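First comes the structure, then the notes that go with it.
The values are calculated or read from the model by the stated rules, or taken from the named source; none is laboratory data. What you see is a predicted model, and the numbers here were worked out from it, not measured in a lab. Because the Cβ atoms are built from the backbone with ideal geometry, glycine has one as well, and the counts that use them run over all protein chains shown.
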Amino acid sequence: MASDLFSDIEYLKGVGKAKGEKYRKLGITTPYELLYHIPRDYLDFRTHVPIMQAELEAFNILKLTITKKLPPKRIRSGLVVCNAAATDGIDNILVVVYNNVYSFHAMKEFQTYYMYGKVTGGFTQREIFSPTYISADSPELIQPLYKLTQGLAVNAVRTNMKQAIALLQSSPFETLPEYIRKKYDLPELVWALKNIHFPESGKSAEYARRRIAFEELLKFQLGMLMLKLRRKSSTPFVMDSSLSMADFYAALPFELTEGQSNAVNEIIADLCSGSSMNRLLQGDVGSGKTAVAAAACCFAAKNGFQSAIMAPTEILAVQHFKTFKAFLEPLGISVALLTGSTPPKQKSEIRQMLLSGEINVIAGTHAIIQKDVEYKALGLVITDEQHRFGVAQRAALAEKGDSPHRLIMSATPIPRTLALNIFGDLDVTSIRQLPKGRSPVKTYAVTGKKREGAFGFLRARLDEGRQAYVVCPMIEDSESELFAVRSYAENAAATTLKGYSTALLHGKMKPAEKEDVMERFSRGEIQALICTTVVEVGVDVPNAAVMIIENAERFGLSQLHQLRGRVGRGKFESTCILITDNKNEDCIRRMKIISSTTDGFKIAQEDLELRGPGDFFGSAQHGLPPLKTASAADVTELSEEVRRCAEELLRSDPALDRPEHRAIKIDTLKLFNKDVVG
């Protein structure tokens, strides 16, 4: 019965209470959710090789007939080894099974099996260790591999999956209307779920996965578009397009790039439209997004409205405060800073001035969204590096006013295909140009053998009057070989950077300590800043021209690009040196990519392909539903098609009220916790 699909997972035949707890650790609470526990890969037993063609010291698939089983041997306390002689019809091999008598007993003499295991030995004698095996006459030669948890074996998951599929087949149902399946060439749900787990062929598995990925992306897009429609509400903060920005432009110490000018024009058009602005402003490192945001705050102030800028860290909040103050206070626009470390008396004064309207622009951390912070006329809300905030924090800031305009800034360039998914509820503005006079940062990846040479180069730049960053991935000492920033800083001050002024900066320092270090670094009193990724975004010291990143393999491409963006912000030629001894193929590829280009959008696309959409932001801090099935390739290939399908669906049935849309509506509401309506 269909209801059995949605009962507790422990009631599925063969599961029980103990195994049910294991499944819950994987986020699986019902047989229906188990069906969507998509294989991470497959074992294709059709691809077997002869014994003598097996790659030694590697995993291979062999087709073997057991010729003789030998008695189990207890080689030491608690460890039993079982051996069996086998042949592929030409050559012989020894099957070795450690500590799994049950598996060994299940093998039968003179029976033929497909076996997957590590093959060792030489020309005369070969062995295959603790193989996974199936009978050669099995109809399912493509076997799924799953993400597991301790105490949950892959064979058990396969058995339970067959039970769940049987339940689905006994009471089949469909979530996508037939007209959508036909238009986009998608198989029925029951067929897709069976063939994604136990495919008839590699082609069947791919066709099934496309159906499930398409539906997952469609629910995501429907939710995003419904959010967008909901947020396109009227706003009391309608601004006057005739107000001149000439004084703002004249006061700037530089000329805006074409990309910046276009961005300002798009934002002002939104502010004057009569509807709430919901816009993403994304740009490469150093592209000048802050100047655009300052222009938006200036225009809002000219219209008599307040602006709030929320940053994820105090360092970035302080940076914004100083930058916005420099841009706006000469024009008579008051700017204030409010963070968790602002003294109580000062906090109280700032709250009163926000309520009275004396403060036009407030920069800060989540302190600006506390319940006791009220505004007179908050017309513009800006969040920087939005993916670092949870949904609740973003919503709390937006709710501080009466449908204020929203501008989201991101220095993590996002490929268009991923932006459609992650920021599908927003209009997107991209700045791709760098300001005039900025030279690309030269980037080199080297091994630890060249560390002394790298520091020699750094010292030479310090002697010329420049400053530098040295980035380490850890704070505390540990058994790991990763450099711990505290001991690293002490050692560097006594050796490689002896005679130069150095300082330590990391996220666990008190806010006042961090601000003091950054102040001294900005003034040039500190020549080399030894730090963690706390400097990843927002820190702007034009005199800094060298960055050395230790254990560079620990960072994703986009993070390396963000870190690198802390140098090259002034008129001096700048260099980033990545140090790693990791010879992993993925690491080598990342180092080649980051060394060959400074185009953040190209790097972001490569990062998406390497890590997949689910891990693009490292952790799920962006607060959106995770993508369980859709891969990076799916996002790239299907997003445009899925977006078109979602738009057509909502045009014909805006509330998804028609009977054939009921299932997709329920799943969409569930995915977004019912936040897409109301």
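If you scan the stretch 153-171, which residues turn out to be at pLDDT 90 or above and not small (G, A, S)? Before you say what the answer is, go through the steps one by one.
Residues of the stretch 153-171 that are at pLDDT 90 or above, as a first pass: 156-170.
Those that are at pLDDT 90 or above and not small (G, A, S): V157, R158, T159, N160, M161, K162, Q163, I165, L167, L168, Q169.
Does T29 qualify as being farther than 15 Å from D91 by Cα and polar (S, T, N, Q)?
Details: farther than 15 Å from D91 by Cα: yes; polar (S, T, N, Q): yes.
Considered against the rule, which asks whether it is farther than 15 Å from D91 by Cα and polar (S, T, N, Q), T29 comes out as yes.
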*Just wondering, is there one or more residues in the stretch 50-61 that are part of a loop (DSSP other than H, G, I, E, B), under 41 Å from the mean Cα position of the chain (by Cα) and not aliphatic (A, V, I, L, M)?*
yes
*Could you check E255 against (1) in a helix (DSSP H, G or I); (2) at pLDDT below 95; (3) of a type in the set (D, E, K, R) and say which number it fails?*
(1)
_Could you check the stretch 439-478 and list, in sequence order, the residues that are surrounded by 19 or more Cβ atoms within 10 Å (Cβ to Cβ) and in a loop (DSSP other than H, G, I, E, B)?_
V441, R466, C472
*Please go through the stretch 644-676 and pick out each residue that is surrounded by fewer than 12 Cβ atoms within 10 Å (Cβ to Cβ) and either among the aromatic types (F, W, Y) or at pLDDT 85 or above (or both).*
R651, S652, P654, A655, D657, P659
_Can you find, within the stretch 115-132, the residue that is modelled with the lowest pLDDT among those that are touching a helix residue (DSSP H, G or I) at 6+ places or on another chain (Cβ under 9 Å) and over 13 Å from F59 (Cβ atoms)?_
F123
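Residue check: is I66 assigned to a strand (DSSP E or B), buried (at least 17 other Cβ atoms within 10 Å of the Cβ) and either at pLDDT 95 or above or touching a strand residue (DSSP E or B) at 6+ places or on another chain (Cβ under 9 Å) (or both)? Quick ask: steps written out before the conclusion?
Numbers: assigned to a strand (DSSP E or B): yes; buried (at least 17 other Cβ atoms within 10 Å of the Cβ): yes; either at pLDDT 95 or above or touching a strand residue (DSSP E or B) at 6+ places or on another chain (Cβ under 9 Å) (or both): yes.
Against the criterion (assigned to a strand (DSSP E or B), buried (at least 17 other Cβ atoms within 10 Å of the Cβ) and either at pLDDT 95 or above or touching a strand residue (DSSP E or B) at 6+ places or on another chain (Cβ under 9 Å) (or both)), I66 qualifies.
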*L331: in contact with a strand residue (DSSP E or B) (Cβ under 8 Å, 6 or more places away or on another chain) and either surrounded by fewer than 23 Cβ atoms within 10 Å (Cβ to Cβ) or not basic (K, R) (or both), yes or no?*
no
*Which one of these does T580 not meet: (1) in contact with a Cys (Cβ under 7 Å, 6 or more places away or on another chain); (2) without any contact (Cβ under 8 Å) to a residue 24 or more places away in the chain; (3) among the polar types (S, T, N, Q)?*
(2)
*farther than 15 Å from H37 by Cβ, touching a helix residue (DSSP H, G or I) at 6+ places or on another chain (Cβ under 8 Å), of a type in the set (A, V, I, L, M) and touching a residue at least 24 places away in the same chain (Cβ under 8 Å) - does that describe any residue in the stretch 164-171?*
no
*Out of the residues in the stretch 114-165 that are polar (S, T, N, Q) and in a strand (DSSP E or B), which is surrounded by the fewest Cβ atoms within 10 Å (Cβ to Cβ)?*
S135
*Quick check: is even one residue across the stretch 567-585 out of contact with any strand residue (DSSP E or B) (no Cβ under 9 Å at 6 or more places or on another chain) and within 21 Å of D284 (Cβ to Cβ)?*
yes
*Take the residues of the stretch 557-583 that are closer than 21 Å to D463 by Cβ and among the hydroxyl-bearing types (S, T, Y): which is surrounded by the most Cβ atoms within 10 Å (Cβ to Cβ)?*
S574
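Can you work out which of the residues in the stretch 97-121 that are in contact (Cβ under 8 Å) with a residue 60 or more places away in the chain and of a type outside the set (S, T, N, Q) is farthest from L79 (Cα to Cα)? Even if it seems obvious, please write down each step before you answer.
Narrowing the stretch 97-121 to residues in contact (Cβ under 8 Å) with a residue 60 or more places away in the chain: 114, 116, 118-121.
Checking which are of a type outside the set (S, T, N, Q) leaves us with 114, 116, 118-119, 121.
Details: Y114: 26, Y116: 22, K118: 19, V119: 21, G121: 22 Å.
Looking at residues that are in contact (Cβ under 8 Å) with a residue 60 or more places away in the chain and of a type outside the set (S, T, N, Q), I get Y114.
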*Give the residues of the stretch 245-287 that are closer than 25 Å to S403 by Cβ, hydroxyl-bearing (S, T, Y) and crowded, with 20+ Cβ neighbours inside 10 Å, sorted by residue number.*
S276
